[in-house]
Every structure is written in structure tokens, then in C-alpha cells.
1. Which angle between 0 and 90 degrees, to the nearest 10, do you get for helix 4-18 versus the longest principal axis of the chain when only C-alpha atoms count?
2. Classify the stretch 3-106: rounded, prolate or oblate, from the alpha-carbon gyration tensor (a ≥ b ≥ c, eigenvalue square roots; a/c under 1.5 rounded; otherwise prolate if a/b is larger than b/c)?
3. If I fit a long axis through the Cα atoms of helix 194-213 and take the longest principal axis of the Cα atoms of the chain, what angle between them do I get, 0 to 90°, rounded to 10?
4. Mind listing the Cα extents of the chain along all three principal axes, in Å, largest one first?
5. If packing is taken as the mean number of other Cβ atoms within 10 Å per residue, what is the order of 177-186, 143-152, highest first?
6. Which is farthest toward the positive dipole end of the chain among 144, 24, 208, measuring Cα position about the Cα centre, with Cβ charges +1 (Lys, Arg) and -1 (Asp, Glu)?
7. Under 1.5 on a/c is rounded, so check that first for the stretch 157-211, then, if it is not, pick prolate when a/b is larger than b/c and oblate when it is not; a ≥ b ≥ c are the square roots of the alpha carbon gyration tensor eigenvalues.
8. Which three numbers, in whole Å and largest first, are the semi-axes of the equivalent ellipsoid of the stretch 120-193 derived from its Cα gyration tensor as √(5λ)?
Amino acid sequence: MPELPEVETTRRGIEPHAVGRRIVALNIHEPRLRWPVQDDLPARVAGHRILHAKRRAKYLLIELETGTLLLHLGMSGSLRVLPASTPRLTHDHFDLLLDSGNTLRFNDPRRFGSLHYTDQDPSDHPLLAKLAPEPFDDAFNADYLWKITRRRKVAIKQLLMNSRLVVGVGNIYANEALFRAKVRPRRQARSLTRSELTKLTRAVRSILAMAIKVGGTTLRDYVGADGNPGYFKQKLYVYERAGERCRICRTPIRQLTQGQRSTYYCPTCQK
Ligand SMILES: [Zn+2]
């Protein structure tokens, strides 16, 4: 599933090709995405210039002169920059044709992605209005984590992955951030000390920043906006390393399941 770093990588990949370009047409090949694409969307965006390519949580925000397209990659979506003449493949669901002769082409085998448009402030859109702080926002800090963990008995890993509390920390990043912060994933959220929460905020930010820097992960079939797979996986300390030795202390990495997701940790490094 594309996680925050992959979405940010996609944003950075399309930005130089999209910003400043005029939309020639939006061709919808398959409107039945997670939510049906509005019929009038092509007419509303055609002819307008793209001013910015932004991101909020896992939404790509393509800001036009008159409004904003909100694209979510869903479980299996990807947005690529291609010459408009490139033959379409199965699961290519729309083309945003640009005046450069390129197209932003959306492919999504599972169709859990979505495309919306708003002519209002996108942060007021129902999909975005109630999102929790971004890991890179100033609002995401030890004070915030302290406040939201004090009365919660839920495991810290599950709290980190709860998008109503923190956005963009998927399974891989939650595992890796807890390793870096030296905290066991099953600890009750409220048991973490102030200093552990400080370490955890820094760990979440640094693991996401590193993943963005190396262009997203190479997990499964993820391909970046320009078609180059990332090289993040070699940098992982615990994720999908069950039975292998900890890169710090040589103890075998353990695996367990929390909320139907795999958890990995080092029983020596993490307390
Ligand atoms: Zn270790």
C-alpha cells in the first residue's frame, strides 16, 4: 500500500512536470474508483493551469487556478508522468493531459484510489478536515503524544498507526520508529515516559524523512512517479527481518501480530 513517503515521492516526481502546465483534458476511462468520479470533473478542470502539487496525509493535492484535485492512491494506485501517446494498460483509470504533451496517468488495479475536486479551501474538504497532525507538522511533538497517550491503554504501535491521532505512519514505519526509539511495540501507550515520547517523535520523523529521501520503499510492486523503484528496504532494522540478527546487538528479531498486522522488534534493544 502506498504510504506517506511513497505519496510524497510521487508528489516530488510529478511536481516539475505538472506545475505551470495547463490541463488540456481530463480523460476518465473508469469512473468507478473507491467513490465514483464526478461526471462534471473533466469540464471543471480543462483549460486550467496547475499552480502547485501539494500533499496532505496520503492525498495528493493538485492545485489549479480555480480549485484543487484531491487524489488518493488507495491500496495499489500509482500516478506516473508519461508521454501522452504511451499506450494505455489495463487498470489505467484516468489521464490528466498536459499542454507539454505529457500525461499524468493513474493506474490502480484494486480501485481503492479516489479522485475529487473542490473549489473551496481543500483543508475544509470532508476528506481532509478531520485529519490528525502530519508527522512533519510542528503540532506533532512530544507534548502532543503525551496528551494523547496519557489515558490510553492501547499498544503504542497501534496508537501510532491510528490515523485519527497521527497521519501517515504505516506498519513498516511504526515498526522501525519503535526500534529507533527503543520501545517495545506492545507497551501500553500511557506507560511511555516523556523522554521516550520525545525519542519516538524524532524517530517517526527521521524514518519517514529517510524513506522519502530514498524514494519510497521497494516493497512489493511499488514504483515511484518516474518509474524507479526505491532502495529503502536495505535500511530496515526490524521490518520483515524475523529470525534475522539485530543489526545493533545480534539478537534474533522477533515477530508477533497486533491488530492483524505484523510487528517486529528486538527483545534486547527495545524495552
Ligand atoms: Zn538489538
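Read-outs: derived from the displayed coordinates by stated rules, not from any lab. Values in this document were obtained by computation on a predicted structure and should not be read as measured data. No Cβ is skipped: glycine too gets one built from the backbone with ideal geometry, and neighbour counts run over all protein chains shown.
1. Roughly 30 degrees between the two axes.
2. Cα axes put the stretch 3-106 in the rounded bin.
3. Tilt relative to the chain: about 40 degrees.
4. 58, 35, 29
5. Per-residue Cβ counts within 10 Å, averaged per peptide and sorted highest first, yield 177-186, 143-152.
6. Farthest towards the positive pole: 144.
7. Note, shape of the stretch 157-211 comes out oblate.
8. Square roots of five times the eigenvalues give 24, 13, 11 Å.
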